[in-house]
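In what follows, a structure is listed as C-alpha cells, so that the remarks can point back to it.
The values are calculated or read from the model by the stated rules, or taken from the named source; none is laboratory data. Predicted, not measured: the structure shown is a model, and the values here were computed from it. Here Cβ is always computed from backbone atoms with ideal geometry, including for glycine, and neighbour counts include all displayed protein chains.
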Amino acid sequence: MKSQSPHDASDYIGPATVVIATDDVEVQVELRGYFQPIDGRFSWYGRIRQNDELDNLLGGRRRSVLIRTSTGEAPATIGDRDFWGRYRVQGRGRPPYHVPTTLEEVEATQS
C-alpha cells in the first residue's frame, strides 16, 4: 500500500541555507515545483520550517534571498509567515535542488 502523505508530492525535503545579504541561516525546507508550459519556465515554492534566527532577520517582512542546498542554489522570495512560524518561499527558473532532466532519471524516480 502506498503512503498518502501530503509530503509525497514534495521534490525536496531537507537542509538548506538562506542567504540574506551577508547573513547565512541554516534552515529546513520542503520544496516542490512544476514546469509552466504557458511561459516555458519552471516555478518552485515551499515552506521554511520555523527558525528563530531567520525570524529575527526577516521580522515577518518579504525579502529577496538566495536558497542553497547540497545540489544547487537559486534566487527566491521569502513571503508570508503562517500561524506555525513557517515562511513561504518561491522562485522561478532552476530550483535549488536536483530536478530529473532525462527520461531515465524520471523513470528511476517513479519506481
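Overview of results
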| quantity | calculated |
| --- | --- |
| Yes/no for residue 20 being surrounded by 15 or more Cβ atoms within 10 Å (Cβ to Cβ), at pLDDT 95 or above and either closer than 26 Å to residue 109 by Cα or among the small types (Gly, Ala, Ser) (or both) | no |
| Criterion violated by residue 83 - all others in (1) of a type in the set (Phe, Trp, Tyr); (2) touching a residue at least 12 places away in the same chain (Cβ under 8 Å); (3) exposed (fewer than 15 other Cβ atoms within 10 Å of the Cβ) satisfied | (2) |
| Whichever residue in the range 38-57 is closer than 15 Å to residue 28 by Cβ and in contact with a Leu (Cβ under 8 Å, 6 or more places away or on another chain) and, among such residues, is surrounded by the fewest Cβ atoms within 10 Å (Cβ to Cβ) | 46 |
| The range 94-107 residues that are surrounded by fewer than 16 Cβ atoms within 10 Å (Cβ to Cβ), paired with ones that are among the β-branched types (Val, Ile, Thr) and modelled with pLDDT of 85 or more (beta carbon under 8 Å, 6 or more apart) | 98/71 |
| Lone unmet requirement of (1) outside any strand (DSSP E or B); (2) surrounded by 15 or more Cβ atoms within 10 Å (Cβ to Cβ) for residue 60 | (2) |
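Residue by residue, here is whether (1) part of a strand (DSSP E or B); (2) more than 17 Å from residue 72 (Cα to Cα); (3) modelled with pLDDT of 95 or more holds:
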site	(1), (2), (3)
16	yes, no, yes
24	yes, no, yes
28	yes, no, yes
35	yes, yes, no
39	no, yes, no
42	yes, no, no
45	yes, no, yes
50	no, yes, yes
55	no, yes, no
